[in-house]
Amino acid sequence: QVQLVESGGGLVQAGGSLRLSCAASGSVFSIDAMGWYRQAPGKQRELVAVTTRGGRSRYADSVKGRFIISRDNAKNTVTLRMNSLKPEDTAVYYCSGAGRGHDYWGQGTQVTVSS
């Protein structure tokens, strides 16, 4: 089993920045990909950014050039730095981990961007 604990998030004005962090514990050796998804009210959960243990990263088109994902394999953490935030970035952000056929999720953290 893997536990994911998120921190960060909150309320910010449009154009501002926030940082989300996620720490993994438990059977962390089984995790390859770690990343972030988000779910806005009335919408499906969508990929924001994901990175593999080897350092390959992928971003949603809507956040490319604004968000940066980074990972510390030694500390089992993944961080999402969000810049130039827009009201449409408002959502609950979930940390995710995947590996060996299993998917793990954090409890979610709210990000609200005011216009």
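Couplings 3J(HN,Hα) for the range 73-83, derived from phi with the Karplus relation 6.51 cos²θ - 1.76 cosθ + 1.60 (θ = phi - 60°), are 5, 5, 9, 6, 10, 9, 10, 10, 9, 10, 10 Hz, where x marks Gly and Pro.
Note down the relative contact order for the range 2-46 as a percent, whole number, built from C-alpha pairs under 8 angstrom at least six residues apart. Mind showing how you got there, number by number?
On the way: 37 pairs, mean separation 15.1, N = 45.
The value is 33 percent.
For the range 27-34, 3J(HN,Hα) computed residue by residue from phi via the Karplus equation (6.51, -1.76, 1.60; θ = phi - 60°) reads 7, 5, 5, 7, 8, 9, 8, 10 Hz, glycine and proline entered as x.
Taking Cα atoms of the range 52-115, Rg/Rh with Kirkwood Rh, to two decimals?
Working: Rg = 13.1 Å, Rh = 13.4 Å.
Rg/Rh for the range 52-115 comes to 0.98.
Apolar share of the accessible surface for the chain: 48 percent from carbon plus sulfur atoms, 1.4 Å probe. Taking amide H atoms as placed 1.01 Å from N in the peptide plane, the amide H of Phe67 lies under 5 Å from those of Asn83, each 5 or more residues away in sequence or on another chain. Counting only Cβ charges, +1 for Lys and Arg and -1 for Asp and Glu, the dipole size of the chain around its Cα centre is about 220 debye.
Quick check on packing: order 17-24, 55-62, 68-75 by the mean number of other C-beta atoms within 10 Å, highest mean leading. Kindly include the intermediate steps, with their values, before the conclusion.
Values: 17-24: 19.0, 55-62: 12.4, 68-75: 13.9.
Final packing ranking: 17-24, 68-75, 55-62.
Using equal-weight Cα scatterers in the Debye expression, the normalised intensity of the range 1-111 in log10 at q = 0.22 Å⁻¹ is -1.21. Rolling a 1.4 Å probe over the heavy atoms of the protein chains gives the chain an accessible area of 53 Å² per residue.
The values are calculated or read from the model by the stated rules, or taken from the named source; none is laboratory data. Only a predicted model underlies this, so the values are computations on that prediction, with no experimental measurement involved. All Cβ positions, glycine included, derive from the backbone under ideal geometry; neighbour counts span all protein chains shown. Note: accessible area is taken over every heavy atom of the protein model, side chains too, but ligands, DNA and RNA are not part of it. Shrake-Rupley method; radii C 1.70, N 1.55, O 1.52, S 1.80 Å.
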